[in-house]
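K.L.:
Take a look at the following structure, please.
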Amino acid sequence: MNGLPQSSFPETSRHTSLKISPPLLPDNALGSAISLISLFNIVFKKLHPLFSIDCGVVLIYDEQITVIQEAYISTYLSDREEIHTGVINQPSELTRLQKIIAGFSFPVIKSMAEWEEEENVNHCLVNNETHYKYHCYIPLEIENKILGTLELHNNTREFSTECLMFCSNIADFLADILYLQHIQPLKPDNQKAALTNHSPKLTAESINTESAPHTDLLLKLNEQLVQINESDTLDNFFSKAASLFPLAYKKIKKQLEEIDAFKTQREDESLHTLPGDMAPGNYPEIIGAGPGMKKVFALMDQVSGSESSVLIMGETGTGKELIARAIHERSERKDKTMIKVNCAAIPANLIESELFGHEKGAFTGATDRRIGKFELADNSTLFLDEIGELPLDLQVKLLRVLQEKEIERVGGKTTIKTDVRIISATNRDLFAEVERGNFRRDLYYRLNVFPINLPPLRERTEDIPLLAAYFLDRYCKQKTGFTQRAVKQMINYRWPGNVREMEHLIERQVLLSTKPVISEINIPAAVKTIPDKAGTPQKIKTIEENERDHIFAVLQLCKGRVSGTEGAARLLGVPATTLNSKIKRLRLNKKHF
């Protein structure tokens, strides 16, 4: 027909990005008051993450629906995670299949198998691509006249009813714009200028005002195109275009709300699945696949086979003892049991006896000889947990043992040679403790031969689903997993108690949940803290709480007396009647004093 060429898509424009100016339409092409390639790129960029659409095409026909005047193609390139939009502005005759598609007066969904069964060939796009398996065709129709077709194509998933309904409203939105352009042609001198990204300025003088009842509408859309393109969500995009197309927006907005509700419900009900390619690595007993834990594993690989002292640092509940045990079990001392000592759990007057042992009668209550932890750990590993809690006088004795490799029992007169590897752990900043004078500098450098820092759980969000699944399997094998919503709750939580807190929370949730899938986590209410002078986190109190605590402390000091020369009112600098009013308002009871 008319000697027009068959559909083609030159390589120069096949993957045209919006960073490059779109090709100019010939003088006899459909005049555009806005850059349609820009607009379609915006729409597809918002549609792709919502429905996972691989390819979108807008075909614009001539009056007789025999020729494709323009074609806009947006394709998602999965290997580069990019969207590329191109344009074909060379008119071409409709092929046999394209004529069938142009004849659709309502939305149609077809698969590759259906096309091959009906026409012995899969649908071929205007750029000659034929590999898509699922197709959707929606006519661009205004006042019973077909202006073009919106095509959507997928490779891996069929189009849902929700997608079809929503994209039908998108088609109405695009049809409105095409209709305005049909009745609003540009002057020939300005057709090209209106389509370039470099010169998108459209003025009233450039428009044929005699046949332009919608001049203001097109001008506004052209002016707002850049702003609309900056929208980060589809909802935001249509909100910004709402003033221009209120009827289309009203329909689309309602469906957006329905889709959001559907997505929320799906998160509540759908089961969260773990990645299938998570290799256990060299430490299957330690759960962690993120970059933070991979760095820890690499350090463990380096130090496990040596005899060097290791200092493990991390917040409470990060798994310091688990790391120490893994290092020991991969060392040459693995045949003997690792000996553990919690320096914070032993009274100061018993730590020396616990570490080095004592002779019978060495002190009151020493009725028998006791072997200390250093002797028990001979030819093995001694794990000193919470080493930062060790008193200064014991730090001196520990340093001597580490230097001389010999101990002397409490009350004993002979020295005993020991061969012990030291792994210590702390939740404190030991270097800061050294600067404050709370920890010996020489002992710090003796212990800190090979430091390992464990990241807190809030910095390991990629490991949270793995840990949750591990603890769920430990405490209840009948539960099948967590919903998307429950996992999102755990990822957004700060976990001040780290992995230990998560373990206890999952155990509690198993007892509370009556369903096979845990759909909600009872996350503790967040408590904001502020460090005190010693660096210890303290709960932030309200002004009323601080006032109550201060009045309570002064009343205790004054033994409950309010008035008089030794009363609390005088110390606080307020009348006794005022203080009595505050005591009543703050619900302080004199019996507490």
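K.L.:
Considering every residue within region 483-504, establish whether at least one is free of Cβ contacts under 8 Å to residues at least 24 places away in the same chain, within 27 Å of the chain's Cα centre (by Cα) and under 23 Å from ALA326 (Cα atoms).
P.N.:
yes
K.L.:
Now for a separate question. Among the residues of region 73-86 satisfying the criterion of being among the small types (Gly, Ala, Ser) and open to solvent by less than 30 Å² (accessible area, probe 1.4 Å), which is farthest from VAL43 (Cα to Cα)? Even if it seems obvious, please write down each step before you answer.
P.N.:
So in region 73-86, the residues among the small types (Gly, Ala, Ser) come out as 74, 78, 86.
This time we only want the ones that are open to solvent by less than 30 Å² (accessible area, probe 1.4 Å), so: 74, 86.
Details: SER74: 10, GLY86: 14 Å.
The selected residue is GLY86.
K.L.:
Hey, does region 75-91 have a residue that's among the polar types (S, T, N, Q) and under 18 Å from ALA171 (Cα atoms)?
P.N.:
Quick first cut of region 75-91, residues among the polar types (S, T, N, Q) only: 75, 78, 85, 89-90.
Keeping just the survivors that are under 18 Å from ALA171 (Cα atoms) gives 75, 85.
Yes; the residues of region 75-91 include at least one that is among the polar types (S, T, N, Q) and under 18 Å from ALA171 (Cα atoms).
K.L.:
Moving to a separate point now. Being surrounded by fewer than 17 Cβ atoms within 10 Å (Cβ to Cβ) and either under 17 Å from LEU36 (Cβ atoms) or in contact with a strand residue (DSSP E or B) (Cβ under 8 Å, 6 or more places away or on another chain) (or both): is that true of GLU158 here? Before you say what the answer is, go through the steps one by one.
P.N.:
Details: surrounded by fewer than 17 Cβ atoms within 10 Å (Cβ to Cβ): yes; either under 17 Å from LEU36 (Cβ atoms) or in contact with a strand residue (DSSP E or B) (Cβ under 8 Å, 6 or more places away or on another chain) (or both): yes.
Yes.
K.L.:
Given the structure, is PHE471 surrounded by fewer than 17 Cβ atoms within 10 Å (Cβ to Cβ) and among the aromatic types (Phe, Trp, Tyr)? Reasoning before the result, please.
P.N.:
On the way: surrounded by fewer than 17 Cβ atoms within 10 Å (Cβ to Cβ): no; among the aromatic types (Phe, Trp, Tyr): yes.
For PHE471, the condition - surrounded by fewer than 17 Cβ atoms within 10 Å (Cβ to Cβ) and among the aromatic types (Phe, Trp, Tyr) - is not met.
K.L.:
For region 328-344, which residues satisfy the criterion of being free of Cβ contacts under 8 Å to residues at least 24 places away in the same chain and under 41 Å from the mean Cα position of the chain (by Cα)? Break it down into steps so the answer makes sense when it comes.
P.N.:
Within region 328-344, the subset free of Cβ contacts under 8 Å to residues at least 24 places away in the same chain is 329, 334-335.
Within region 328-344, GLU329, LYS334 qualify.
K.L.:
Sticking with this structure for a sec: Can you pull out every residue in region 112-150 that is under 16 Å from SER74 (Cβ atoms) and part of a loop (DSSP other than H, G, I, E, B)?
P.N.:
Once the filter is applied, which keeps residues that are under 16 Å from SER74 (Cβ atoms) and part of a loop (DSSP other than H, G, I, E, B), region 112-150 yields LEU125, VAL126, ASN127, GLU129, TYR132.
Yes/no matrix, rows are residues, columns are (1) in contact with a Ser or Thr (Cβ under 7 Å, 6 or more places away or on another chain); (2) under 20 Å from SER308 (Cα atoms):
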{"residue": "GLU375", "(1), (2)": "yes, yes"}
{"residue": "ASP378", "(1), (2)": "yes, yes"}
{"residue": "LEU390", "(1), (2)": "no, no"}
{"residue": "GLN395", "(1), (2)": "no, yes"}
{"residue": "ARG400", "(1), (2)": "no, yes"}
{"residue": "GLN403", "(1), (2)": "no, yes"}
{"residue": "ILE416", "(1), (2)": "no, no"}
{"residue": "ARG428", "(1), (2)": "no, no"}
{"residue": "PHE431", "(1), (2)": "no, yes"}
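K.L.:
Could you tell me how many of the residues in region 305-318 are touching a strand residue (DSSP E or B) at 6+ places or on another chain (Cβ under 9 Å), among the small types (Gly, Ala, Ser) and open to solvent by less than 40 Å² (accessible area, probe 1.4 Å)?
P.N.:
Counting residues in region 305-318 that are touching a strand residue (DSSP E or B) at 6+ places or on another chain (Cβ under 9 Å), among the small types (Gly, Ala, Ser) and open to solvent by less than 40 Å² (accessible area, probe 1.4 Å) gives 3.
K.L.:
Spot the failing condition for ILE387; the list is (1) surrounded by fewer than 19 Cβ atoms within 10 Å (Cβ to Cβ); (2) within 30 Å of TYR493 (Cα to Cα); (3) among the hydrophobic types (A, V, I, L, M, F, W, C), and only one is missed.
P.N.:
ILE387 satisfies every listed condition except (1).
K.L.:
Give the residues of region 364-401 that are in a helix (DSSP H, G or I) and touching a residue at least 60 places away in the same chain (Cβ under 8 Å), sorted by residue number. Give the steps one after another, and end with the answer.
P.N.:
Within region 364-401, the subset in a helix (DSSP H, G or I) is 373-376, 387-389, 392-401.
Scanning region 364-401 gives a single hit, ILE387.
K.L.:
TRP115 is checked against (1) closer than 15 Å to VAL58 by Cα; (2) open to solvent by less than 10 Å² (accessible area, probe 1.4 Å) and fails just one. What number does that condition carry?
P.N.:
For TRP115, the exception is condition (1).
K.L.:
List pairs: first in region 93-117 and under 16 Å from CYS136 (Cβ atoms), second hydroxyl-bearing (Ser, Thr, Tyr), Cβ under 6 Å, 6+ apart or cross-chain?
P.N.:
That search, which allows pairs on different chains as well, returns ILE101/TYR137; ILE101/THR149; PHE104/TYR137; PRO107/SER168; VAL108/TYR137; SER111/TYR134.
K.L.:
Would you check which residues across region 87-108 are closer than 28 Å to GLU162 by Cβ and either surrounded by fewer than 18 Cβ atoms within 10 Å (Cβ to Cβ) or within 37 Å of the chain's Cα centre (by Cα) (or both) and list them? Spell out how you get there, then give the answer.
P.N.:
Here is the first cut: in region 87-108, the residues closer than 28 Å to GLU162 by Cβ are 97-98, 100-108.
Those that are closer than 28 Å to GLU162 by Cβ and either surrounded by fewer than 18 Cβ atoms within 10 Å (Cβ to Cβ) or within 37 Å of the chain's Cα centre (by Cα) (or both): LEU97, ILE100, GLY103, PHE104, SER105, PHE106, PRO107, VAL108.
K.L.:
Scan region 575-590 residue by residue and report those that are in a loop (DSSP other than H, G, I, E, B) and either within 13 Å of GLU547 (Cα to Cα) or of a type in the set (Gly, Ala, Ser) (or both). Write out each step before concluding.
P.N.:
Start the filter on region 575-590 by keeping residues that are in a loop (DSSP other than H, G, I, E, B), which leaves 575, 586-589.
If the condition is that a residue be in a loop (DSSP other than H, G, I, E, B) and either within 13 Å of GLU547 (Cα to Cα) or of a type in the set (Gly, Ala, Ser) (or both), then LEU586, ARG587, LEU588 are the ones that fit.
K.L.:
May I ask you to verify whether ALA289 is in contact with an Asp or Glu (Cβ under 9 Å, 6 or more places away or on another chain) and under 30 Å from GLY365 (Cβ atoms)?
P.N.:
Values: in contact with an Asp or Glu (Cβ under 9 Å, 6 or more places away or on another chain): yes; under 30 Å from GLY365 (Cβ atoms): no.
So ALA289 does not fit the description; no.
K.L.:
Go over the candidates LEU164, LEU174 one by one and state the one that is crowded, with 19+ Cβ neighbours inside 10 Å and either under 16 Å from PHE44 (Cα atoms) or modelled with pLDDT under 90 (or both). Please lay out each step first, then the result.
P.N.:
Working: LEU164 fails: crowded, with 19+ Cβ neighbours inside 10 Å.
Exactly one residue qualifies, and that residue is LEU174.
K.L.:
Name the residue that is least open to solvent (accessible area, probe 1.4 Å), counting only residues in region 529-574 that are out of contact with any Leu (no Cβ under 8 Å at 6 or more places or on another chain), of a type in the set (A, V, I, L, M) and in a loop (DSSP other than H, G, I, E, B).
P.N.:
My answer is VAL574.
K.L.:
Given the conditions (1) closer than 18 Å to VAL296 by Cα; (2) surrounded by fewer than 21 Cβ atoms within 10 Å (Cβ to Cβ); (3) aliphatic (A, V, I, L, M), and given that LEU457 satisfies all but one, which numbered condition is not satisfied?
P.N.:
Tallying (1) closer than 18 Å to VAL296 by Cα; (2) surrounded by fewer than 21 Cβ atoms within 10 Å (Cβ to Cβ); (3) aliphatic (A, V, I, L, M), LEU457 fails exactly one: (2).
K.L.:
Which residue out of ASP463, ASP442, ASP429, ASP419 is surrounded by 15 or more Cβ atoms within 10 Å (Cβ to Cβ) and either within 25 Å of the chain's Cα centre (by Cα) or within 28 Å of MET313 (Cβ to Cβ) (or both)?
P.N.:
Details: ASP442 fails: surrounded by 15 or more Cβ atoms within 10 Å (Cβ to Cβ); ASP429 fails: surrounded by 15 or more Cβ atoms within 10 Å (Cβ to Cβ); ASP419 fails: surrounded by 15 or more Cβ atoms within 10 Å (Cβ to Cβ).
When all the criteria are applied, what remains is ASP463.
K.L.:
Select, from LYS336, LYS295, LYS340, the only residue that is open to solvent by 50 Å² or more (accessible area, probe 1.4 Å), farther than 25 Å from ARG400 by Cα and not hydrophobic (A, V, I, L, M, F, W, C).
P.N.:
Numbers: LYS336 fails: farther than 25 Å from ARG400 by Cα; LYS340 fails: farther than 25 Å from ARG400 by Cα.
Being open to solvent by 50 Å² or more (accessible area, probe 1.4 Å), farther than 25 Å from ARG400 by Cα and not hydrophobic (A, V, I, L, M, F, W, C) holds for just one of LYS336, LYS295, LYS340, which is LYS295.
K.L.:
Among GLU329, GLU354, GLU375, which is the only one that is open to solvent by 60 Å² or more (accessible area, probe 1.4 Å) and of a type in the set (Asp, Glu)? Working first, answer last.
P.N.:
Numbers: GLU354 fails: open to solvent by 60 Å² or more (accessible area, probe 1.4 Å); GLU375 fails: open to solvent by 60 Å² or more (accessible area, probe 1.4 Å).
Result of the check over GLU329, GLU354, GLU375: GLU329.
The values are calculated or read from the model by the stated rules, or taken from the named source; none is laboratory data. Bear in mind that the values here come from a model prediction, so they are computed numbers and not experimental data. In this analysis, Cβ positions are derived from the backbone assuming ideal geometry, glycine residues included, and neighbour counts consider all displayed protein chains. Heads up: the accessible areas ignore ligands, DNA and RNA and are worked out on the full protein's heavy atoms, side chains in. Shrake-Rupley method; radii C 1.70, N 1.55, O 1.52, S 1.80 Å.
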